[in-house]
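**Q** Quick one: structure below, then a few questions.
The values are calculated or read from the model by the stated rules, or taken from the named source; none is laboratory data. The structure displayed is predicted, hence computed values, not measured ones. Neighbour counts run over all protein chains shown; Cβ positions are idealised from the backbone, glycine included.
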Amino acid sequence: MSQLTHIWHPNELITVLNQTLEFAYPIVEVEGEVASFKVNQGKYVFFDIKDETSSINCFMMLFNLRQPIEDGMRVVIKAQPKITTWGKFSLTVNSIRPVGEGSIAKAMQLLHAKLEHEGLFSELRKRPLPVMPQRIAVISSKQAAGYADFMRILNDRWAGMTILFKQSLVQGDEASDQIIKAISDINQLAEAPELIVIIRGGGSKDDLACFNDEKLVRVIAASRIPIITGIGHEIDTSLSDLAADKMAATPTHAAQTIVPEKQVVIKSLNERIVSLVSVLNQYLAELSRATVQKLDYAKSQIMNQLQALNQSTISRQKLLESYNPLRILEQGYSLLRGSLKVGSLIEVETSKQLIKAEVKSVQAKN
Amino acid sequence: MSKPKTDLTIKQKIELLDNLLAWFGSGDFEIELALEKYQQAKQLSVEINHDLETKRNQISEL
């Protein structure tokens, strides 16, 4: 005999079953292969998640789709199970992420192509990093090995900086949202840093998958503060690395890129100061040489002037001497003094004698 | 009014020193002024060395 005591209406049954599901399984994680993936009206995403024997309908909003998904990819979804009004069992998906190297690589390849086409990775967008930044922000996890390496290298290489540290998960489902919030918060600081550094150490493709999140990549590209990434090992290149202004191979390399080595700077400064001494010495030597040259020139000019003056004086002396009346007397001429009337006494001076004479006659010459 | 040297960051001091050294590159200067600037450059170099060797990076959490 049946133990049924209540006759259900379909709507009622579906409601109760959904309440039961919500209570017992509020959120489930399901791993499977994507099939029949499609986007309707530019905002609704439908696909099936399946394994070898079963398949479940899935639904999500497009804005929750953080990475490109296509049929055949293996994914893990977080979803709420429910029964639709039409009696179909489905999963309302909150988040989806590819799993396994193949699917992760495929998702990254699809997103890479999409974002590259939009120009997010263009070299023209890259801004130069500040030289010797005074104030930087670091987004990482203190538990991450990469963080410790980064800080150690930074502190060894440079001094006097202000470092604003923002703790964040750097792997897992919540990592990309935390990093996005960190970047957003830092961009809104009243006293903004000159540079944002995002770092984490090496890990598997799964561990680093959060750095291929589309929303995170877009936020990095849109940051008004330049960003340098130092994620994973040398062989790991994420889409966040490509969108950043500078990509460092590792957290250590990021520290080496951001600041110079202080011993190198000190050595260079000291060498420049020493070279300044030789510049000054050289200048003084040239100054001294120039001064001596000027003095020599001045001296030769003065000597020339004196000689010329001397010559001129000698000439004048000779000329003056030539006008000396005594010179004329020595040439045989004589000087007469007195009146030229007949019978008057005159004085005749020659170069050697004074003669007194009487005028006997005076005649004019023709 | 310019900042006293004690308030300047290491980077600012290096920039000041670069400017002083560039002045000497012009080649044409008065010796008295050159000696004065040399002393300034030397003093800056000493300060920068000291700052790099003794200062620490300040870390604060957001």
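**Q** Which one of the conditions (1) within 14 Å of another protein chain (Cβ to nearest Cβ); (2) surrounded by 19 or more Cβ atoms within 10 Å (Cβ to Cβ); (3) under 24 Å from A:Asn212 (Cβ atoms); (4) of a type outside the set (Ser, Thr, Tyr) does A:Trp158 fail to meet, given that it meets all the rest?
**A** (3)
**Q** Out of everything in the range B:5-39 that is assigned to a helix (DSSP H, G or I), at the interface with chain A (Cβ under 8 Å from one of its Cβ atoms) and over 30 Å from A:Glu191 (Cβ atoms), what residue ends up being modelled with the highest pLDDT? Spell out how you get there, then give the answer.
**A** Kept after step one, since they are assigned to a helix (DSSP H, G or I), are these residues of the range B:5-39: B:5-7, B:10-25, B:31-39.
Then drop every residue that is not at the interface with chain A (Cβ under 8 Å from one of its Cβ atoms), which leaves B:10-11, B:14, B:17, B:21, B:24, B:31, B:34-35, B:38.
Remaining after also requiring over 30 Å from A:Glu191 (Cβ atoms): B:21, B:24, B:31, B:34-35, B:38.
Working: B:Leu21: 85, B:Phe24: 80, B:Ile31: 79, B:Ala34: 84, B:Leu35: 85, B:Tyr38: 88.
If we take residues in the range B:5-39 being assigned to a helix (DSSP H, G or I), at the interface with chain A (Cβ under 8 Å from one of its Cβ atoms) and over 30 Å from A:Glu191 (Cβ atoms), then B:Tyr38 is modelled with the highest pLDDT.
**Q** In the range B:40-62, which residues are facing chain A (nearest Cβ under 7 Å) and either part of a helix (DSSP H, G or I) or touching a residue at least 24 places away in the same chain (Cβ under 8 Å) (or both)? Walk me through how you get there before you give the answer.
**A** Initially, the range B:40-62 is screened for residues facing chain A (nearest Cβ under 7 Å), giving B:41-42, B:45, B:48-49, B:51-52, B:55-62.
Of everything in the range B:40-62, those that are facing chain A (nearest Cβ under 7 Å) and either part of a helix (DSSP H, G or I) or touching a residue at least 24 places away in the same chain (Cβ under 8 Å) (or both) turn out to be B:Ala41, B:Lys42, B:Ser45, B:Ile48, B:Asn49, B:Asp51, B:Leu52, B:Lys55.
**Q** Any idea which residue in the range A:149-176 is farthest from A:Gln134 (Cα to Cα), counting only those that are assigned to a strand (DSSP E or B) and not hydroxyl-bearing (Ser, Thr, Tyr)?
**A** Filtering the range A:149-176 for residues assigned to a strand (DSSP E or B) gives A:162-167.
Subsequent filtering for residues that are not hydroxyl-bearing (Ser, Thr, Tyr) retains A:163-167.
Values: A:Ile163: 8, A:Leu164: 11, A:Phe165: 14, A:Lys166: 17, A:Gln167: 20 Å.
Ranking the candidates gives A:Gln167 first.
**Q** Further, regarding this structure: Examine the range A:93-116 for a residue that is at pLDDT 95 or above, of a type in the set (Val, Ile, Thr) and surrounded by 12 or more Cβ atoms within 10 Å (Cβ to Cβ), and state whether such a residue exists.
**A** Yes; the residues of the range A:93-116 include at least one that is at pLDDT 95 or above, of a type in the set (Val, Ile, Thr) and surrounded by 12 or more Cβ atoms within 10 Å (Cβ to Cβ).
**Q** Confirm whether A:Glu29 is assigned to a strand (DSSP E or B), exposed (fewer than 13 other Cβ atoms within 10 Å of the Cβ) and modelled with pLDDT of 95 or more. Give the derivation first.
**A** Numbers: assigned to a strand (DSSP E or B): yes; exposed (fewer than 13 other Cβ atoms within 10 Å of the Cβ): yes; modelled with pLDDT of 95 or more: yes.
So A:Glu29 passes the test.
**Q** So which of A:Ile179, A:Ile139 ends up being buried (at least 20 other Cβ atoms within 10 Å of the Cβ), assigned to a helix (DSSP H, G or I) and in contact (Cβ under 8 Å) with a residue 24 or more places away in the chain? Spell out the reasoning first.
**A** Numbers: A:Ile139 fails: assigned to a helix (DSSP H, G or I).
So the residue among A:Ile179, A:Ile139 that is buried (at least 20 other Cβ atoms within 10 Å of the Cβ), assigned to a helix (DSSP H, G or I) and in contact (Cβ under 8 Å) with a residue 24 or more places away in the chain is A:Ile179.
**Q** From the list A:Val197, A:Val217, which one is over 30 Å from A:Gln263 (Cβ atoms) and β-branched (Val, Ile, Thr)?
**A** A:Val217
**Q** Looking at A:Ala249, A:Ala244, A:Ala221, which is the one that is touching a strand residue (DSSP E or B) at 6+ places or on another chain (Cβ under 6 Å), more than 14 Å from every other protein chain (Cβ to nearest Cβ) and small (Gly, Ala, Ser)? Walk me through how you get there before you give the answer.
**A** Details: A:Ala249 fails: touching a strand residue (DSSP E or B) at 6+ places or on another chain (Cβ under 6 Å); A:Ala221 fails: touching a strand residue (DSSP E or B) at 6+ places or on another chain (Cβ under 6 Å).
Answer to the check: A:Ala244.
**Q** Can you name the number of the only condition in (1) buried (at least 20 other Cβ atoms within 10 Å of the Cβ); (2) outside any helix (DSSP H, G or I); (3) more than 14 Å from chain B (Cβ to nearest Cβ) that A:Asp236 fails?
**A** Just one mismatch for A:Asp236, condition (1).
**Q** What number of residues within the range A:194-215 satisfy the criterion of being without any contact (Cβ under 8 Å) to a residue 60 or more places away in the chain, closer than 16 Å to A:Ala107 by Cα and not acidic (Asp, Glu)?
**A** 4
Matching residues to (1) closer than 21 Å to A:Leu169 by Cβ; (2) at pLDDT below 85:
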site: A:Gln188; (1), (2): yes, no
site: A:Lys205; (1), (2): yes, yes
site: A:Ile220; (1), (2): yes, no
site: A:Arg224; (1), (2): no, no
site: A:Ala249; (1), (2): no, no
site: A:Ala254; (1), (2): yes, no
site: A:Ile273; (1), (2): no, no
site: A:Val279; (1), (2): no, yes
